[in-house]
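Contents: one structure, followed by commentary.
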Amino acid sequence: MIFTNLDVWKEARILVKQVYDATKGFPKEEVFGLQSQIKRSVISVPSNVAEGCGRNHLKDSIQFFYVARGSAYELEAQLYLSCDLGFITTEQLESLLKQLEKVRKLLGGLINYFKSQIKQQTTQPATENPKSQK
């Protein structure tokens, strides 16, 4: 599976751009604080999707997709805090959360797809599925 073809990866890239644009207006004292943490969280999403696609075993892949999902939830909390602190507007928050929700739904679909592949492997004889012989 080529990660660059996945909708979740493409949408996560859009989210990264939106978050970086939104955090440009943060106060200078937040460069190493909340702003830095937000950037790490948002970068973690497409990065872990890519890394998960590069794994040899489905269970390893799923673990990275769960990390990406966890980072998405972490990002959500940080965006709310940014709005509470007046660093972003309510409108910016709503726009970012809309894109974030799209990414989370796609991640959920990806996780479910990989889980279904594991179930298929366990119900097929080993000779029918070359991946199970690795």
* Asked: For segment 48-78, which residues satisfy the criterion of being of a type in the set (S, T, N, Q) and at pLDDT 95 or above?
  -> 48, 61, 63, 71, 78
* Are any residues in segment 60-111 buried (at least 16 other Cβ atoms within 10 Å of the Cβ) and among the aromatic types (Phe, Trp, Tyr), and if so, which ones? -> 64, 65, 87
* **Pairs with Cβ under 6 Å, 6+ apart, first in segment 1-23 and within 15 Å of residue 48 (Cβ to Cβ), second in a helix (DSSP H, G or I) and of a type in the set (Gly, Ala, Ser)** => 3/50
* Could you grab the pairs with beta carbons closer than 7 Å, sequence gap of 6+ or different chains, first residue in segment 102-121 and farther than 15 Å from residue 72 by Cα, second one of a type in the set (A, V, I, L, M)? => 114/58; 114/62; 115/62; 117/58; 118/58
* Using the structure shown, decide if residue 81 is within 19 Å of residue 14 (Cβ to Cβ) and at pLDDT 95 or above. => no
* Structure fact -> Checked pairs for segment 53-74, first farther than 13 Å from residue 103 by Cβ, second outside any loop (DSSP other than H, G, I, E, B) and of a type in the set (Phe, Trp, Tyr), C-beta under 6 Å and 6 or more apart or across chains, list as 53/3; 58/114; 61/114; 62/114
* Asked: Which number in (1) among the small types (Gly, Ala, Ser); (2) surrounded by fewer than 20 Cβ atoms within 10 Å (Cβ to Cβ); (3) at negative phi marks the one condition that residue 41 misses?
  -> (2)
* Does at least one position in segment 60-69 carry a residue that is under 13 Å from residue 114 (Cβ atoms) and polar (S, T, N, Q)? -> yes
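The values are calculated or read from the model by the stated rules, or taken from the named source; none is laboratory data. Quick caveat, the model's predicted, so the values are computed rather than measured. Reconstructed Cβ throughout: ideal geometry from the backbone, glycine too, with neighbour counts over all protein chains shown.
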